[in-house]
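Only one structure is covered here, and it is reproduced in the block below.
The values are calculated or read from the model by the stated rules, or taken from the named source; none is laboratory data. Nothing here was measured: the structure is a model prediction, and the numbers come from that model. Ideal geometry is used to build each Cβ from the backbone, glycine not excepted, and the neighbour counts take in all protein chains shown.
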């Protein structure tokens, strides 16, 4: 056989028992989950800002970042809902490169998935206890979310996973918002079909069980730009794109129409400073059209303590991305205050 078993992973219930949430942390998560649900259902007009590193590669740096974010949150929480990006598993186009803390708790050491599962749970809990904020992660491996389903307040399905049936069906059993990104081709129909599937009830195999889900009424779209057949980035955050999305949503009659605009990736062509301008344009489009005001619930921004990115093999700078380039903290803070002023 071509598969070697490296370790037997613990059951999610056993890991949760070993690394439990405190009662106060559980209470705070329920409160934030309710506030976030109210935004997606239209009961609250707060604007969501999903912000944080491209990859959560270092526990201390991530916790310092989110602690800073929590201080800003105290000033803007009447208008904004800040959700830290704590992305612990990274899709890789060719399969090569750093795959996130889940795979490598120490970025320059060999993969260790058992140690990784423990490390990401401990990091998420530390973030929650030190900042009182609850975070977002990417659902790269549907079965692994069971180790974090009591912790996360938001999840995203990436451009390379959005057509996968297991991702769509697993999303239908979640009780928090799940954002479906458009595929790398930029096709809106694929993304909206994924939302349709996630909002429906399904029966399927999950972690060795025959399960039935009730459907997730908070499933929605994330626009992240696309790439054409020549490899050229085609952004989809412009006004015309947003109107097209609004019209398609209205035709499909989905529950709780909602969109998050990813300001990086193929929307910025990974030119991280462009995120500032892109967010500004999205806010302008949103203020101009009442339908977009309701549809666009927030933005996603890649940001870390230090701007730019660095090689994983370098003498690494603390708080600087080892994957895609990110905004630095000072630019991030100014951008959050600007968003708050315009919302």
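Quick notes on this one:
- Criterion (closer than 26 Å to residue 141 by Cβ, in a loop (DSSP other than H, G, I, E, B) and without any contact (Cβ under 8 Å) to a residue 12 or more places away in the chain) met by exactly one of 17, 96, 115: 96
- Matching residues, the range 130-157, being over 18 Å from residue 58 (Cβ atoms) and part of a helix (DSSP H, G or I): 142, 143, 144, 145, 146, 147
- Residue count for the range 33-69 under the criterion of being in a helix (DSSP H, G or I), in contact (Cβ under 8 Å) with a residue 60 or more places away in the chain and in contact with a strand residue (DSSP E or B) (Cβ under 8 Å, 6 or more places away or on another chain): the result is 7.
- Restricting the range 116-131 to residues that are crowded, with 17+ Cβ neighbours inside 10 Å and out of contact with any strand residue (DSSP E or B) (no Cβ under 9 Å at 6 or more places or on another chain), the residue that is nearest to residue 50 (Cα to Cα): 128
- When residue 78 is tested against (1) farther than 27 Å from residue 258 by Cβ; (2) surrounded by fewer than 17 Cβ atoms within 10 Å (Cβ to Cβ); (3) modelled with pLDDT of 95 or more; (4) in contact with a helix residue (DSSP H, G or I) (Cβ under 9 Å, 6 or more places away or on another chain), exactly one condition is not met: (1).
- Members of the range 305-343 that are touching a residue at least 60 places away in the same chain (Cβ under 8 Å), under 20 Å from residue 80 (Cβ atoms) and not in a helix (DSSP H, G or I): 326, 343
- The set of residues from the range 163-176 being more than 25 Å from residue 82 (Cβ to Cβ) and either surrounded by 23 or more Cβ atoms within 10 Å (Cβ to Cβ) or touching a strand residue (DSSP E or B) at 6+ places or on another chain (Cβ under 9 Å) (or both) comprises 164, 165, 166, 167, 168, 169, 170, 172, 173.
- Here the range 185-208 is the region considered, the condition is being part of a loop (DSSP other than H, G, I, E, B) and surrounded by 18 or more Cβ atoms within 10 Å (Cβ to Cβ), and the residue that is farthest from the chain's Cα centre (by Cα) is 202.
- Qualifying positions in the range 70-93 - closer than 17 Å to residue 337 by Cα and outside any loop (DSSP other than H, G, I, E, B): 70, 71, 72, 73, 74, 75, 76, 80, 81, 82, 83, 84
- Considering 84, 105, the condition of being within 14 Å of the chain's Cα centre (by Cα), without any contact (Cβ under 8 Å) to a residue 60 or more places away in the chain and either under 20 Å from residue 321 (Cβ atoms) or surrounded by 15 or more Cβ atoms within 10 Å (Cβ to Cβ) (or both) is satisfied by 84 alone.
- Restricting the range 209-222 to residues that are part of a strand (DSSP E or B) and buried (at least 19 other Cβ atoms within 10 Å of the Cβ) leaves a set whose member that is nearest to the chain's Cα centre (by Cα) is 222.
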